[in-house]
Amino acid sequence: MAKTHEVVITDLYAASFDPVLSQRDLGSQADVDDTFLNRWAAAYNEGHLPDEIRAEQQKLMDADLIVLQFPLWWYSLPAILKGWIDRVFTSGFGFDLPLGPDRLPRRYGGGLLAGKRALVVVSAGETARALGPRGLGGDIDTLMFGLTHGVLWYTGVATYPLHVIADADDLDSDAVQREITRLTSRIGELGGEDVIPYRRLDSGDYRPGRVLRDGLAPGRVDLGLHLSTT
């Protein structure tokens, strides 16, 4: 039996999405005398966020697999995608949730989006080697750590290894078709892949003070020490 999936797309450019977090994101809390984060969380909890933000949050809640596709832009995310994260991952939704039963913050493996998975598809003008561990462009996994670990894993979303389309500026029509086939095939086989094994906050590995315990990954200071396999 063929597998069928419902695919919901947000094209930020086509939607003219405004990436600037502003007073309008506070709804009825805009003029309340309180901290920004408290007012933001209240707006979320009361359902007073802008309609386009509530719609994006619902898409995330409904999704089993979240695919983020973008070009590498100045070694990071395009501004419109960063702004989407800023506005959609609100206080009360992406962070500052009620404490879990263990009294720990629901972060890094916990949160409203826990149990969901993501695939990050990033195209880049650099060659694959130049985006490797010794490449001039910087290791792509390190460049994307703020997204895969600091945004997705922070909110509970486990991420598959990056899908990188290198040398994207120089792809001819045949190469474009090969990349389409490669991505299509990979998505169809994701169920058999392992996600990036980031350590959970509630694992006990980061105590005290949310710092990795001395006995784990001794001598390591690179970002790879946050993998449970190290």
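Could you list, in sequence order, the residues of the stretch 70-94 that are surrounded by 17 or more Cβ atoms within 10 Å (Cβ to Cβ), aromatic (F, W, Y) and out of contact with any Leu (no Cβ under 7 Å at 6 or more places or on another chain)?
Scanning the stretch 70-94 gives a single hit, F89.
Quick check on this structure: which one of L21, L26 is in a loop (DSSP other than H, G, I, E, B) and more than 21 Å from G110 (Cα to Cα)?
So the residue among L21, L26 that is in a loop (DSSP other than H, G, I, E, B) and more than 21 Å from G110 (Cα to Cα) is L21.
What about R210, is it without any contact (Cβ under 8 Å) to a residue 24 or more places away in the chain and not assigned by TED's automatic domain parsing to the domain that holds V121?
It is true that R210 is without any contact (Cβ under 8 Å) to a residue 24 or more places away in the chain and not assigned by TED's automatic domain parsing to the domain that holds V121.
Residue under question is F70, and the condition is that it be in the same structural domain as L190 (by TED's automatic domain parsing), under 17 Å from A15 (Cβ atoms) and touching a helix residue (DSSP H, G or I) at 6+ places or on another chain (Cβ under 7 Å); does it hold?
yes
Mind listing whichever residues of the stretch 118-131 are more than 30 Å from D202 (Cβ to Cβ) and either under 11 Å from the mean Cα position of the chain (by Cα) or surrounded by fewer than 17 Cβ atoms within 10 Å (Cβ to Cβ) (or both)?
G125, T127, A128, R129, A130 - these are the residues of the stretch 118-131 that are more than 30 Å from D202 (Cβ to Cβ) and either under 11 Å from the mean Cα position of the chain (by Cα) or surrounded by fewer than 17 Cβ atoms within 10 Å (Cβ to Cβ) (or both).
Which residue out of T159, T184, T155, T148 is surrounded by fewer than 16 Cβ atoms within 10 Å (Cβ to Cβ) and of a type in the set (S, T, Y)?
Checking each option against the conditions leaves just T184.
I need a count of the residues in the stretch 82-106 that are assigned to a loop (DSSP other than H, G, I, E, B) and within 13 Å of the chain's Cα centre (by Cα).
2
With on the phi > 0 side of the Ramachandran plot and not polar (S, T, N, Q) as the only criterion, which of G137, G111 stands out?
None of the other options fit; the residue is G111.
Just to be sure, is V8 outside any helix (DSSP H, G or I) and not assigned by TED's automatic domain parsing to the domain that holds A79?
When the stated conditions are applied, V8 passes them.
Based on what the data block shows, is G156 in contact (Cβ under 8 Å) with a residue 24 or more places away in the chain and assigned to a loop (DSSP other than H, G, I, E, B)?
So G156 passes the test.
When you check D174 against the structure, is it exposed (fewer than 12 other Cβ atoms within 10 Å of the Cβ), free of Cβ contacts under 8 Å to residues at least 24 places away in the same chain, closer than 24 Å to A130 by Cβ and in the same structural domain as A128 (by TED's automatic domain parsing), yes or no?
Spelling it out, D174 is indeed exposed (fewer than 12 other Cβ atoms within 10 Å of the Cβ), free of Cβ contacts under 8 Å to residues at least 24 places away in the same chain, closer than 24 Å to A130 by Cβ and in the same structural domain as A128 (by TED's automatic domain parsing).
Considering only residues of the stretch 107-130 that are part of a loop (DSSP other than H, G, I, E, B) and hydrophobic (A, V, I, L, M, F, W, C), which is farthest from L143 (Cα to Cα)?
L112
Mind listing just one residue for me: the one in the stretch 204-215 that is of a type outside the set (D, E) and surrounded by 14 or more Cβ atoms within 10 Å (Cβ to Cβ) and, of those, nearest to P105 (Cα to Cα)?
Among residues in the stretch 204-215 that are of a type outside the set (D, E) and surrounded by 14 or more Cβ atoms within 10 Å (Cβ to Cβ), the one nearest to P105 (Cα to Cα) is Y206.
Restricting attention to the stretch 28-44, and to residues there that are surrounded by 20 or more Cβ atoms within 10 Å (Cβ to Cβ) and small (G, A, S), which single residue is farthest from G94 (Cα to Cα)?
Filtering first and then ranking leaves A43.
Checking the structure you have, find out if any residue of the stretch 131-147 is among the hydroxyl-bearing types (S, T, Y) and closer than 21 Å to P78 by Cβ.
Yes, the stretch 131-147 has at least one match.
The values are calculated or read from the model by the stated rules, or taken from the named source; none is laboratory data. All figures in this text were calculated on a predicted structure; none of them were measured in a lab. Cβ: placed from backbone, ideal geometry, glycine included. Neighbour counts: every protein chain shown.
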